Amino acid sequence: MTAPTAPDNRDPIARVQRELLTLGRRGTARVRREDEALSVVDRSLLTYIQENPGCRAIDIATHFQLNRSTVSRQLAALLEHGYVASDDETAGGSRGIALRLTPAGSAAFDRSTRTVLDSVARRLAGWTEDDLEAFARMLERYNAEPDE
């Protein structure tokens, strides 16, 4: 059996993957360091629900390419904390019902967004407007590509 080889530091694909990994780890560390109430997962769900009012768990699962049961578990915590509600509270679950942020969810999301944006702005403070635009476009393009 051949031992795996280390990624070539000149390979741009390996470099992109390494930087995306670092980005994710730093985001997680920031949440812990700043005693943020919302995790990265919580923020991603709340962002999607805020941008897509009335979405269902299956919509979220499809968007993030996750299993419905995973999303349902993640949503259960947000429902329990009162950050998310369904338009039909008697439906008994979150898979097929329309979801929305509650006032408490909106407030927590707004606080968290300010914290995250402040952190990102500090890291990008020395970048030119052209660099920021190019970086944003590249990230949007990367995230728009479907996984195979």
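What follows draws every value from the coordinates through simple rules; no lab data is involved. Quick caveat: nothing in here was measured; it's all calculated off a predicted structure. Backbone-built Cβ (ideal geometry, glycine too); neighbour counts: all protein chains shown.
Length available on full extension from V40 to R114: 0.36 nm per residue minus the Cα-Cα distance, which gives 25.2 nm.
Multiplying the residue separation of D147 and D8 by 0.36 nm and subtracting their alpha-carbon distance yields 47.7 nm. Quick one: grab the alpha carbon gyration tensor of region 59-148, order the square roots of its eigenvalues as a ≥ b ≥ c, and give me rounded if a/c is under 1.5, else prolate or oblate depending on whether a/b is larger than b/c. Oblate, because a/c is 1.5 or more while a/b does not exceed b/c.
Remark: spin-label model distance A136-T62 equals 2.8 nm, labels positioned 7 Å along the Cα→Cβ axis.
Report the gain in length on full extension from A104 to R18: 0.36 nm times residue separation, minus Cα-Cα distance, nm rounded to one decimal. Length gained, A104 through R18: 27.4 nm. Among 9-17, 50-58, the peptide with the highest mean count of other Cβ atoms within 10 Å heads the list, and the full ranking is 50-58, 9-17.
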